[in-house]
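Enquirer: One structure follows; several queries about it will come next.
The values are calculated or read from the model by the stated rules, or taken from the named source; none is laboratory data. These figures come from a predicted structure and were not determined experimentally. All Cβ positions, glycine included, derive from the backbone under ideal geometry; neighbour counts span all protein chains shown. Heads up: the accessible areas ignore ligands, DNA and RNA and are worked out on the full protein's heavy atoms, side chains in. Shrake-Rupley method; radii C 1.70, N 1.55, O 1.52, S 1.80 Å.
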Amino acid sequence: MKVSSLFKAILCLLLFAIQHVEANDAYDINKFSRDKRYQDPEFMWSSWDQVFRTDGNFFSLGNAPDLARILEKQWNDARKKNDLTLMVKAAIPLAFVYHNQAKFKDGLPYFEFLYRNQKQIPSRYWKHILIMLEEEYRGTNEIEKAIQIRRLRIKLGYVKTFWEIYKECGLFEEALRDYLQFQQVPLRGDYRRLIYFQRLGWIYFDLKNYTKAYETYSRGFTEVAEVRAQSNRTLLPRELDYWEGYFTGLKAQCQIEMGDYSGVIPMLQFDLRLSKDNPDTQIDVLILLARVYLHANQLSTAKTQLDRSRKLIGKKAVKMSRLHLLGVYSDYYYANKQYDSAYYYTKVYRSYLDTMNAHVNRNKSILLLGQLELAKHREESLRSKSQLVEYLETSKSQDFKIKLLSIILLTILLGSILLYVNFRQKGLLDQNQIQLDLEHERNAVLLKELHHRVKNNLQVIYSLLNLQKRRTKNKESIDLILALQNRIQTIALVHNNLFQSDEIEYVQLESYVRTLVVHLQQMYTQEEMQSVEVQFDLDDSIQLRFERIGTLGLIINEIVSNAFKYAFNGVDQGVLRVGIGRVGPQIEVVIEDNGGGSVDEINQKSNLGMRLIRILSEQMGARYAMQQGSGIKHLITFNIK
């Protein structure tokens, strides 16, 4: 009996030891170089997929290079055989490995391959592939593609927020509002709760609200203990240790930004020790340590931290870390009185910062177009809701008629009782009608508020572009910014008119066109010091739906802008005639100048503006033509409905 008990105890210890070894297998630096079974593509895939299904760790950054080397070979072999199944089985883990190392340029081709071959991807991977593909597009400044993937994720119900896109575009207030409004807070003890506080702290930090960021990171630190005690997930102790160190380092970063350097070195060293499996975290911690040592005038120690961080960065797509590293190098050389090197790093830092700012400004402009499309979808949703209300009203009216007919037939038998029922039913319908009227009024207010907010957002972008235009010396860039501003103002005027009028769908064409043309005249006559007389002949009885008038406004903007820029060169007194009227069932727009341009010359150049005019005309079902008169005459005709 004693032998049997001892045997059971030994067996339990062995099983525990085996489980512990398997749990920590991912951190074995020689895992893939030692075990030759991983050379077999099928064994590699089955091992990877099994760990993925259990939400475990298959590799660490220590053995990632060996794993990537094996997977690259398996990918190349599968591609030579033109075996799509094996290519997918190699591309999935390979893309994940490169993404985990922030090697986005290496991983992006594999993610795009997987995106193109969605039907071959196991459904359990698709959500993760879209998340990482969007992150890679954001990391490589391809924000248009990132927005496209984010829309797909929202459509599939994977996510409800846009905060990462806002953050990437430098719109931190919008990111915070979106995060707090749509990001669900995980339950206590859930591992995802740590990620929630991490990201919320990031946004507060970007907003330079370091006190709030510190409080958020402190909350995350205390949550680690709850996750350790309550989580149903199988988490290695070293993973939760990493989170304790990570939140400690983030708190130290907030202290430094607030000018409090007391006690931050032990906090950062604690983070550095527990983040040995995460070089991205170590990069930032080493840069912070260098700042602290510089503050303490320990120059040689600061230089050591900087060199370690630079070695870890390599070719990683960590833009902010690289920028901070350049800035601290500049501070180090300045403190060490090596002014040539300090000047060099300052110059590189400013150049890199200008490049990043240019990307941010470009991303904001792209996001603006995305926001306009999103606003359009929301307006369509409101119109659909209005149509649904109308349908319900019709249905209720029909139901009422049927019930009324039944009441009339039964009145012969039931008499006064049915009269009472009829009276009560009528009262209920009146109450429903009142509620529908209130709902309709509420929808109208919401729609006006939507137009107001879209207009305000457009004005913010317009002002940002104005600031950029003042800083820019290049004439071509100034013209490009001015053209973009005019297109933005064209759309903003539509939303402004809808906000200020009692109408929720239609805009008066005469008022809109007059305001638009006068705005363009002020812009270009101020820039070019021209004297141009604008003559209007506009029918003030015409109204268009807002989606059509926005398209027409963009066409008029391009024609009038081109006229002010090119038509009146060498003309003493320029005249621009703008006419809009009805011709039978159609609307005719005529814009004519007395400049020296020719139709043949314009057709030969075929610039972006003319291409836009033709594309937008086709989009709204209009006919566009140019005629040669005393100058150039533009004709646009379209049906009013």
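Enquirer: Please specify each residue of the range 608-629 satisfying the condition of being open to solvent by 40 Å² or more (accessible area, probe 1.4 Å) and either touching a residue at least 40 places away in the same chain (Cβ under 8 Å) or among the aromatic types (Phe, Trp, Tyr) (or both).
Expert: Leu612, Gln619, Tyr624
Enquirer: Being small (Gly, Ala, Ser), open to solvent by 30 Å² or more (accessible area, probe 1.4 Å) and either modelled with pLDDT under 85 or closer than 26 Å to Leu482 by Cβ (or both) is the filter here; which residues of the range 496-552 pass it?
Expert: The first filter runs over the range 496-552 and keeps only residues small (Gly, Ala, Ser), leaving 501, 511, 531, 541, 550.
Filter again for open to solvent by 30 Å² or more (accessible area, probe 1.4 Å), leaving 501, 511, 531, 541.
Within the range 496-552, Ser501, Ser511, Ser531 meet the criteria.
Enquirer: Next question. Being out of contact with any His (no Cβ under 9 Å at 6 or more places or on another chain) and part of a loop (DSSP other than H, G, I, E, B) narrows it down to one of Lys347, Lys311, Lys276, Lys303, so name that one. Spell out the reasoning first.
Expert: On the way: Lys347 fails: part of a loop (DSSP other than H, G, I, E, B); Lys311 fails: part of a loop (DSSP other than H, G, I, E, B); Lys303 fails: part of a loop (DSSP other than H, G, I, E, B).
Answer to the selection: Lys276.
Enquirer: Additional query: Looking at Tyr246, Tyr261, Tyr293, which one is in a helix (DSSP H, G or I), touching a helix residue (DSSP H, G or I) at 6+ places or on another chain (Cβ under 8 Å) and within 20 Å of Phe205 (Cβ to Cβ)?
Expert: Numbers: Tyr261 fails: in a helix (DSSP H, G or I); Tyr293 fails: within 20 Å of Phe205 (Cβ to Cβ).
Residue meeting the stated conditions: Tyr246.
Enquirer: In the range 559-617, what residues are among the polar types (S, T, N, Q), within 26 Å of Ile491 (Cα to Cα) and modelled with pLDDT of 80 or more? So that I can check it myself, show each step before the final result.
Expert: Let us first name the residues in the range 559-617 that are among the polar types (S, T, N, Q), namely 561-562, 569, 573, 586, 594, 598, 603-604, 606-607, 617.
The next check asks that each one be within 26 Å of Ile491 (Cα to Cα); those that pass are 561-562, 586, 606-607, 617.
Passing the criteria: Ser561, Asn562, Gln586, Ser617.
Enquirer: Has the range 618-639 got any residue that is modelled with pLDDT of 85 or more, of a type in the set (Gly, Ala, Ser) and more than 24 Å from Phe546 (Cβ to Cβ)?
Expert: yes
Enquirer: Where residues in the range 121-144 are in a helix (DSSP H, G or I) and within 22 Å of Arg322 (Cβ to Cβ), which of them is modelled with the highest pLDDT? Don't jump to the end; show me each part of the working.
Expert: To start, the set of residues in the range 121-144 that are in a helix (DSSP H, G or I) comprises 123-139, 143-144.
Still in the list and also within 22 Å of Arg322 (Cβ to Cβ): 132, 134-139, 143.
Values: Met132: 93, Glu134: 90, Glu135: 89, Glu136: 89, Tyr137: 89, Arg138: 85, Gly139: 82, Ile143: 83.
For the range 121-144, the residue satisfying everything is Met132.
Enquirer: Additional query: Enumerate the pairs (first residue in the range 577-602 and buried (at least 18 other Cβ atoms within 10 Å of the Cβ); second residue anywhere and of a type in the set (Ser, Thr, Tyr)) with beta-carbon separation below 8 Å, excluding pairs fewer than 6 apart on the same chain, so at least 6 apart or on different chains.
Expert: Ile587/Thr637; Val589/Thr637; Glu592/Ser630; Asn594/Ser630; Gly595/Tyr566; Gly597/Tyr566
Enquirer: Given the structure, is Thr161 without any contact (Cβ under 8 Å) to a residue 40 or more places away in the chain, in a loop (DSSP other than H, G, I, E, B) and either open to solvent by less than 60 Å² (accessible area, probe 1.4 Å) or on the phi < 0 side of the Ramachandran plot (or both)?
Expert: So Thr161 passes the test.
Enquirer: Going residue by residue through the range 329-344, is there one that turns out to be among the charged types (D, E, K, R), assigned to a helix (DSSP H, G or I), modelled with pLDDT of 90 or more and buried (at least 16 other Cβ atoms within 10 Å of the Cβ)?
Expert: yes
Enquirer: Pairs only if they're at least six apart or on different chains, beta carbon under 7 angstrom, first in the range 193-208 and more than 19 Å from Glu244 (Cα to Cα), second among the β-branched types (Val, Ile, Thr); list them, first residue then second.
Expert: Tyr204/Thr216
Enquirer: Something else now. List the number of the failed condition for Gly570; all other conditions in (1) surrounded by fewer than 22 Cβ atoms within 10 Å (Cβ to Cβ); (2) at negative phi hold.
Expert: Condition not satisfied by Gly570: (2).
Enquirer: Let me ask you something else. List the number of the failed condition for Tyr179; all other conditions in (1) open to solvent by 30 Å² or more (accessible area, probe 1.4 Å); (2) free of Cβ contacts under 8 Å to residues at least 40 places away in the same chain; (3) closer than 28 Å to Glu144 by Cβ hold.
Expert: It fails just one condition, (1).
Enquirer: Scan the range 171-191 and tell me whether some residue there is within 28 Å of Ile92 (Cα to Cα) and part of a helix (DSSP H, G or I).
Expert: no
Enquirer: Give the range 274-312 a look and list any residue that's farther than 18 Å from Arg322 by Cβ, without any contact (Cβ under 8 Å) to a residue 40 or more places away in the chain and of a type outside the set (A, V, I, L, M), or say none.
Expert: Ser275, Lys276, Tyr293, His295, Asn297, Gln298, Ser300, Thr301, Thr304
Enquirer: Just wondering, is there one or more residues in the range 310-322 that are out of contact with any Pro (no Cβ under 9 Å at 6 or more places or on another chain), at pLDDT below 90, open to solvent by 90 Å² or more (accessible area, probe 1.4 Å) and among the aliphatic types (A, V, I, L, M)?
Expert: Yes.
Enquirer: Since Lys212 meets every condition but one in (1) surrounded by 15 or more Cβ atoms within 10 Å (Cβ to Cβ); (2) over 24 Å from His324 (Cα atoms); (3) of a type outside the set (Val, Ile, Thr); (4) free of Cβ contacts under 8 Å to residues at least 24 places away in the same chain, which condition does it not meet?
Expert: Of (1) surrounded by 15 or more Cβ atoms within 10 Å (Cβ to Cβ); (2) over 24 Å from His324 (Cα atoms); (3) of a type outside the set (Val, Ile, Thr); (4) free of Cβ contacts under 8 Å to residues at least 24 places away in the same chain, only one is false for Lys212: (2).
Enquirer: Still on this model: Output the residues belonging to the range 29-62 that are farther than 14 Å from Arg124 by Cα, part of a loop (DSSP other than H, G, I, E, B) and open to solvent by 50 Å² or more (accessible area, probe 1.4 Å).
Expert: Taking the range 29-62 and keeping what is farther than 14 Å from Arg124 by Cα, we get 29-47, 56-62.
Subsequent filtering for residues that are part of a loop (DSSP other than H, G, I, E, B) retains 29-30, 35, 40, 56-62.
Correct list: Ile29, Asn30, Asp40, Asn57.
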